[in-house]
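Everything on this sheet refers to the single structure shown next.
The values are calculated or read from the model by the stated rules, or taken from the named source; none is laboratory data. Note that this is a predicted model, so its numbers are computed, not measured. When we count neighbours, we look across all protein chains shown, and the Cβ atoms used for this are built from the backbone with ideal geometry, even at glycine.
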Ligand SMILES: Nc1ncnc2c1ncn2[C@@H]1O[C@H](COP(=O)(O)OP(=O)(O)OP(=O)(O)O)[C@@H](O)[C@H]1O
Ligand SMILES: [Mg+2]
């Protein structure tokens, strides 16, 4: 069968980093083609070259049998290519409708028919089964998952024959993932070629026709999904087999160290009460919009609390801002690394050490021991296998998953007693995921308590000692380790229980 897209001999370096080395990648019409590989393997870079957001050093792109010259995003749009990025590019101060048609508005030069634009935006969202999104609301009012849906609609507002999605489901819960998959199947049936990047192998088996693997910037191979399995894919990606995916934990669960009583904050957190013991991972599961993240933000002092009490080691604490939370020993790993997690324009080293700068500061003049700071950062980079050759590089130069690892190192630095982790392994490859689970176990050994928000059921089942399930701002149920399974989680999250 003829290929819709062929990328041949694509090579790209950033300074000394070889992001892609002579990669050959081709996609057929009407297929869903998964692109996988470890963090930093070059997946996003390949897609950015396809979209014209970045130019290759050498190589050739052929679309429908004709050589395509893609030098800028405009070129790729004209060729019917839409790429939805891992980090979104939405203008959060504009409305949903404006965002969806942004490129059309700004290139037309004609008078905009706003009513028509709103209607069309509404139609697109309805097609995606997201008619509950108000097209006149500002994008910044929505959760990241909904912002993602808007981003996808934006891609679909154009006439496309190749659609690439870079980790589209990282922020979606199961229900939303199902909706997205329905949409992808419809597009595929219409002949659209879909490139699908994800670290979630279950999804890849569910949705893709073929799978290509990149490793360290090189093309490893393409296989038919029906002819492969998880083990052999992992083997292709990391070059070795991974067995104990969720490492065993031998930690004794101790006394209650953290307690939240009748917490209320806006519509999203209603009478939330729970406690966590030292050495314990308490999961917080729920659909997108159930109030999980908002509850975490309220505890951490990033959302105002209307009533409720928080106790740490039996003592009542008042937390009005993140600084106070840190002072009390409460750490928070944000789901949103771009806005509240990391300073992308700062070096990798400084992001890691910033929240623990006291550790490296001493003496009368509070001088920072640069050597110690450096060594600490280097140690974390090694421990978490952060893919970089210089810790003084800007954090923005790292691949998505490696940025997430820097965010984790940052949270670990101040030695907190209670750590809230919102989607800790989002965008992280299989090998590094296991490293993060190991680190969580290490924290528990130290006597920490962890509250883990996750949309990945497998992760909740594999890691949690107990789970709370939220629905519309309230806790709808609690499951003990022996009771945690997919059916129970979903039914509590959707309130069919
Ligand atoms: N603008 C840039 N400047 C410097 N290095 C870069 C830049 N963009 C990407 N790189 C490097 O290129 C390599 C490939 O990165 P890329 O983002 O394509 O990986 P990826 O496969 O998408 O990883 P992930 O799964 O973590 O998203 C990485 O080593 C990354 O640090
Ligand atoms: Mg990427």
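Please work out if residue 185 is modelled with pLDDT of 75 or more, assigned to a helix (DSSP H, G or I) and within 16 Å of ligand 1 (Cβ to nearest atom). When the stated conditions are applied, residue 185 does not pass them. Going residue by residue through region 380-392, is there one that turns out to be assigned by TED's automatic domain parsing to the domain that holds residue 346, within 26 Å of residue 246 (Cα to Cα), touching a helix residue (DSSP H, G or I) at 6+ places or on another chain (Cβ under 9 Å) and more than 14 Å from ligand 1 (Cβ to nearest atom)? Yes, region 380-392 contains at least one residue that is assigned by TED's automatic domain parsing to the domain that holds residue 346, within 26 Å of residue 246 (Cα to Cα), touching a helix residue (DSSP H, G or I) at 6+ places or on another chain (Cβ under 9 Å) and more than 14 Å from ligand 1 (Cβ to nearest atom). Does residue 374 count as in contact with a strand residue (DSSP E or B) (Cβ under 6 Å, 6 or more places away or on another chain) and either more than 30 Å from residue 278 (Cα to Cα) or in a loop (DSSP other than H, G, I, E, B) (or both)? The answer is no for residue 374. Given the residues 410, 405, which is the only one that is touching a residue at least 40 places away in the same chain (Cβ under 8 Å) and either over 20 Å from residue 332 (Cβ atoms) or more than 11 Å from ligand 1 (Cβ to nearest atom) (or both)? Of the residues listed, the single one that is touching a residue at least 40 places away in the same chain (Cβ under 8 Å) and either over 20 Å from residue 332 (Cβ atoms) or more than 11 Å from ligand 1 (Cβ to nearest atom) (or both) is 410. Scanning region 38-73 for residues that are surrounded by 24 or more Cβ atoms within 10 Å (Cβ to Cβ), assigned to a loop (DSSP other than H, G, I, E, B) and touching a strand residue (DSSP E or B) at 6+ places or on another chain (Cβ under 6 Å) yields 41, 42. Going through (1) modelled with pLDDT of 90 or more; (2) more than 16 Å from ligand 2 (Cβ to nearest atom) one by one, residue 389 falls short only on (1).
Being in contact (Cβ under 8 Å) with a residue 40 or more places away in the chain, within 16 Å of ligand 2 (Cβ to nearest atom) and either farther than 28 Å from residue 435 by Cβ or surrounded by fewer than 21 Cβ atoms within 10 Å (Cβ to Cβ) (or both) is a property that residue 175 lacks.
Could you tell me whether residue 242 is within 25 Å of residue 439 (Cβ to Cβ), at pLDDT below 85 and in contact with a helix residue (DSSP H, G or I) (Cβ under 6 Å, 6 or more places away or on another chain)? It is true that residue 242 is within 25 Å of residue 439 (Cβ to Cβ), at pLDDT below 85 and in contact with a helix residue (DSSP H, G or I) (Cβ under 6 Å, 6 or more places away or on another chain). Number of residues in region 24-52 that are modelled with pLDDT of 95 or more, within 16 Å of ligand 2 (Cβ to nearest atom) and over 22 Å from residue 430 (Cα atoms): the value is 3.
Would you call residue 170 modelled with pLDDT under 90, within 16 Å of ligand 1 (Cβ to nearest atom) and surrounded by 19 or more Cβ atoms within 10 Å (Cβ to Cβ)? Answer is yes for this residue.
As an exercise: evaluate residue 469 against (1) touching a helix residue (DSSP H, G or I) at 6+ places or on another chain (Cβ under 6 Å); (2) free of Cβ contacts under 8 Å to residues at least 60 places away in the same chain and give the number of the one condition it does not meet. Going through (1) touching a helix residue (DSSP H, G or I) at 6+ places or on another chain (Cβ under 6 Å); (2) free of Cβ contacts under 8 Å to residues at least 60 places away in the same chain one by one, residue 469 breaks only (2).
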